[in-house]
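**Student:** If you scroll down you'll find the structure; I have some questions about it.
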Amino acid sequence: MSWFIQVLFFSTPTGLAALGETVNQKAGQLNIGLEGMMLTAAYFGALGAEITGNPALGLLLGVLSVVPLWIIQNLLTIHARQDQVVVGTGINLAAIGITSTLFQQRYGDAGRLITIPTFARFGGLDALVFFMVVMAPVIWFALHRTAWGLAIRAAGEYPDSVESAGFSVAKLRWQASGIGASLAALAGAHLALSIGGTFVQEMTAGRGFVALAMVSFGRWKPFGVLGACLLVGFAEFLRFYFQVRQPIVPYQFFLALPYVLALVVLIIVGKGTSAPMDLGRPLRSNK
Amino acid sequence: MNKLLALMGIGFALVASGCSGGREAAQGNSSESGQQNSPASKEFKVALITPGRVSDAGWNAMAYEGLKAIESELGAKVANAEATGSKIEDAMRTYGQDGYTLVFGHGYEYNEPGVKYAGQFPNTVYISSSGGKTSKNAGTFRFYLEQGFYLAGMMAGKMSKTGKVAMIGINVPSIMSTFKGFEAGAKAARPDIDVKTVIITDPKDVVAVKQATLQAIDAGADFIIHQANEGAQAVFGACKEKGVHAIGSNADQNDDSSGAVVASAVIIAKPAFVEVAREVKEGKYQGGVRLVGMDKGAIDFVVSPKFKDQIPADLISAIEEAKKKIVSGELVVPKDEF
């Protein structure tokens, strides 16, 4: 069982981010800036924990630090109706620049290895891991068994119908992206405050993009998305497991394994399209 | 909408032309001064190109500190850039065109392009950290860190209770060569030792680095040495969690806040950087391959004072003995040529 606990623990950042992004995409928005939001939360989470000595306060600062990014992104995509990919890329670049500048200002141009206090663990897992596991059924229920969820899904499929039913698509998308951004912030905080116990520049190392891929790999279904994250996490686990025990298998094989797994799964389950119809399209654009 | 786009287009065009205009002007100036061939009257400008951020508290940070020492001790005007892949040649050409006297490339991958641009810019000296190609104004400068790793291996081999130790790092020739040194040291101390190599692909990716370390510990390793630069904290953190010993590298990491580091294989880069820059400044640099090791005081192996009482006295004296033999040349630590 210990291997399962390890896979669960190390899959938490991508899992949290991907579950949040599922809600966001269901409402018709694509958050390319996921990576940047995670990185920002990781830096401010680490900073808060280092200053106060309390990882919970670090987590709070990490989540708050993502709020401005969320507001800027939504003003640009929902209200100014700009391209979501371009805005998201901007968020990513800004996050790298801001966190690196602040890091180097605080710890010097040559950098420093820092240690910060981490969350308490129960049986090898911290509260955020349990939160991720609980979030899958909660998000499923909210999306598929509530009126709000129906409106969210409709906003991603056919926003005009939502508007004519008297809902505000803009408001629904603010809510969905709010959930997405908060979970991305928790994901980043988990990186720094639980797994790393440190902050490293660009420590997200592409995991935000992996989370984006996991949303489509999991076919926009909360349990599917969580399962996809765990499967890819398991492939990463195997990569090091075999390196230390059976070095005969070249490690590059395991680098490729997640992609092979994803391809195989998509071949089996990927018939038809399950992406929200209006994904990535600006509101009230001429179709 | 169309008007807005047009305006934006004009804006971009202006910005772009402004930038490229400035660049061309700068390049024009430097090629003129290049034609004048008057290195003596020029100011002493030194550039450093690194494969990663200089804020990695490891390999790149050490070169950056060397550069800063050149700035303060030799009064040089310094600049640094991060360049990998196809950007390496761009960076080298740019520094050559801008009339830099000395360009350091901090890695073996800068050796070949360095020799190439040394031919095009005869007034600029290109030096790379390791590599084998040279010309009259291009050379290499290799830290013999394998020596420090050899002593680290001796310690790990002697002190390991499980008979298993592990090395964690990126798969690049210079790092694999230091691992060879570690393995030789461990085998010298204990011939039946099991030395595991764990390859990581990105030191920034602490999730992967930490998993790699935990797996090595789960498989029985109780001494871990790393070449993970900025990811080192994830290695130390995992060692701390599981109560095993870590060995630091490149910089002296013995006082790391995790408290897991028992010793470090260290490069003391500053004097070596300043020395070679001084030769270039005085016009005495001749090119060639230079091996900078323990005999020049550039490599060391330092044991943490906190762990001194846990380390057997005969091991300390064996390490000191080996140090003397390495300095005198009696003991030659294996290294890869690349």
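**Student:** Hey, for a label at A:D109 modelled as a point 7 Å past Cα toward Cβ, could you say which residues of region B:95-111 have their backbone N under 20 Å away?
**Tutor:** Only B:95-96, B:98-107 pass the distance filter.
**Student:** Sticking with this structure for a sec: Per q in 0.05, 0.06, 0.07 Å⁻¹, report the Debye log10 I(q)/I(0) for the protein assembly as shown, using one uniform scatterer on each alpha carbon and no solvent.
**Tutor:** Ignoring solvent entirely, the Cα scatterers give -0.26, -0.38, -0.51.
**Student:** Sticking with this structure for a sec: Applying 1/(1 + (r/R0)^6) with R0 = 35 Å to the Cβ-Cβ distance of B:K161 and A:W3, what FRET efficiency is obtained, to the nearest 0.05?
**Tutor:** Step by step, r from the Cβ atoms, then E = 0.90.
**Student:** Rounded to whole Hz and in sequence order, give me ³J(HN,Hα) for region B:79-89 from the Karplus expression 6.51 cos²θ - 1.76 cosθ + 1.60, θ = phi - 60°, writing x for Gly and Pro.
**Tutor:** Ordered by residue, 3J(HN,Hα) equals 8, 9, 8, 9, 8, 10, x, 6, 6, 4, 5 Hz.
**Student:** Over 29 Å between Cα atoms, which of B:K180/B:K284; B:K240/B:K308; B:K45/B:K324; B:K196/B:K306; B:K242/B:K324; B:K187/B:K240 qualify? Walk me through the numbers on the way to the answer.
**Tutor:** Details: B:K180/B:K284 34 Å; B:K240/B:K308 18 Å; B:K45/B:K324 38 Å; B:K196/B:K306 27 Å; B:K242/B:K324 35 Å; B:K187/B:K240 25 Å.
B:K180/B:K284; B:K45/B:K324; B:K242/B:K324, as the Cα separations exceed 29 Å there.
**Student:** Label points 7 Å out from Cα along the Cβ direction at B:E320 and A:V260: separation in nm?
**Tutor:** My value for the distance between the label points is 5.4 nm.
**Student:** Under the definition of Cα pairs under 8 Å and six or more residues apart, what whole-number percent is the relative contact order of region A:25-91?
**Tutor:** With pairs under 8 Å counted, the relative contact order is 38 percent.
**Student:** Determine the order of B:K325, B:K196 by accessible area, beginning with the largest, at a probe radius of 1.4 Å.
**Tutor:** B:K325, B:K196
**Student:** Any idea of B:D336's accessible area? Nearest 10 Å², probe 1.4 Å.
**Tutor:** 40 Å²
**Student:** Moving on. For chain A, set up a GNM with springs between Cα atoms under 10 Å and report which of A:G188, A:G218, A:G124 has the largest fluctuation.
**Tutor:** Fluctuation is largest for A:G124.
**Student:** Roughly how many Å is it from the Cα centre of region B:248-296 to that of region A:167-191, as a whole number?
**Tutor:** 48 Å
**Student:** On a full-extension model of 0.36 nm per residue, what is the gain between A:V269 and A:S164, subtracting their alpha-carbon distance, rounded to one decimal in nm?
**Tutor:** On the way: separation 105, 0.36 × 105 = 37.80 nm, distance 3.40 nm.
Value of the extension gain: 34.4 nm.
**Student:** With label points built 7 Å along Cα→Cβ from the Cα atoms of B:T84 and A:V134, find their separation and express it in nm.
**Tutor:** 4.0 nm
**Student:** Between region B:133-173 and region A:102-149, what's the alpha-carbon centroid distance in Å?
**Tutor:** Here the two parts' Cα centres lie 36 Å apart.
**Student:** Between B:R290 and A:F223, what is the label-point separation in nm under the 7 Å Cα-to-beta-carbon projection?
**Tutor:** Modelled inter-label distance: 6.7 nm.
**Student:** Add +1 for every Lys or Arg and -1 for every Asp or Glu among the other residues with Cβ under 9 Å from the Cβ of A:T77, and state the total. The partial results should precede the final answer.
**Tutor:** Working: positive: A:R81, A:R173; negative: A:D83.
In short, +1.
**Student:** Any idea of A:W3's accessible area? Nearest 10 Å², probe 1.4 Å.
**Tutor:** 110 Å²
**Student:** Oh, and also: Given a Förster distance of 22 angstrom, what is the FRET efficiency for A:M277 paired with A:A80, based on the Cβ-Cβ distance and rounded to 0.05?
**Tutor:** Values: r = 22 Å, r/R0 = 1.02.
With R0 = 22 Å, the Cβ-Cβ based efficiency is 0.45.
**Student:** How many angstrom lie between the Cα centre of region B:204-233 and the Cα centre of region A:27-76?
**Tutor:** If you average the Cα positions of each part, the centres end up 27 Å apart.
**Student:** While we're on this one: Taking region A:63-155, which trypsin sites (Lys or Arg not before Pro) meet the DSSP loop condition and have no more than 11 other C-beta atoms within 10 Å?
**Tutor:** Sparse-neighbourhood loop trypsin sites (Lys or Arg not before Pro): A:R145.
**Student:** If I take every Cα pair under 8 Å that is 6 or more residues apart in chain B, average their sequence separation and divide by the length, what percent do I get for the relative contact order?
**Tutor:** 18 percent.
**Student:** Choose one answer from A:Q105, A:Q82, A:Q175: the residue with the largest mean-square fluctuation in a GNM of chain A with alpha-carbon springs under 10 Å.
**Tutor:** Maximum fluctuation in the GNM of chain A, among the listed residues, is at A:Q105.
**Student:** Any chance you could give the angle, 0 to 90 degrees and rounded to 10, that helix B:206-218 forms with the longest Cα principal axis of chain B?
**Tutor:** 20 degrees
**Student:** Between chains A and B, what is the buried accessible area summed over both chains (1.4 Å probe, protein heavy atoms, nearest 100 Å²)? Walk me through the numbers on the way to the answer.
**Tutor:** Values: alone 13490 and 15590 Å², together 25940 Å².
Counting both chains, the buried surface is close to 3100 Å².
**Student:** Also, I was wondering about something else. Can you run phi through the Karplus equation (6.51, -1.76, 1.60; θ = phi - 60°) for region A:196-205 and list ³J(HN,Hα) in whole Hz, with x for Gly and Pro?
**Tutor:** Calculated HN-Hα couplings, in order: x, x, 6, 10, 10, 4, 6, 5, 5, 6 Hz.
**Student:** Right, here's the next one. How large is the helix-only mean residue ellipticity at 222 nm for chain B, computed as the sum of -39500 (n - 2.57) over DSSP H runs with n ≥ 4, divided by its residue count, in deg cm²/dmol to the nearest 500?
**Tutor:** -15500 deg cm²/dmol
**Student:** Considering only protein heavy atoms, what per residue accessible area in square angstrom results for region B:32-167 with a 1.4 angstrom probe?
**Tutor:** Here the per-residue accessible area is 36 Å².
**Student:** Separate question: Just to be sure I understand the rule: take each whole DSSP H helix in chain A, project its Cα atoms onto its long axis, keep it if the span is 24 Å or more and its mean Kyte-Doolittle hydropathy is at least -1.0. Which ones pass?
**Tutor:** Answer set is A:2-26, A:34-52, A:55-74, A:84-107, A:127-144, A:169-190, A:222-245, A:251-269.
The values are calculated or read from the model by the stated rules, or taken from the named source; none is laboratory data. Here the structure is a predicted model, which is why all the values come from computation and not from measurement. Every residue, glycine among them, receives a Cβ derived from its backbone with ideal geometry; neighbour counts consider all protein chains shown. Side chains are part of the model used for accessible areas, which takes the heavy atoms of the whole protein and leaves out ligands, DNA and RNA. Shrake-Rupley method; radii C 1.70, N 1.55, O 1.52, S 1.80 Å.
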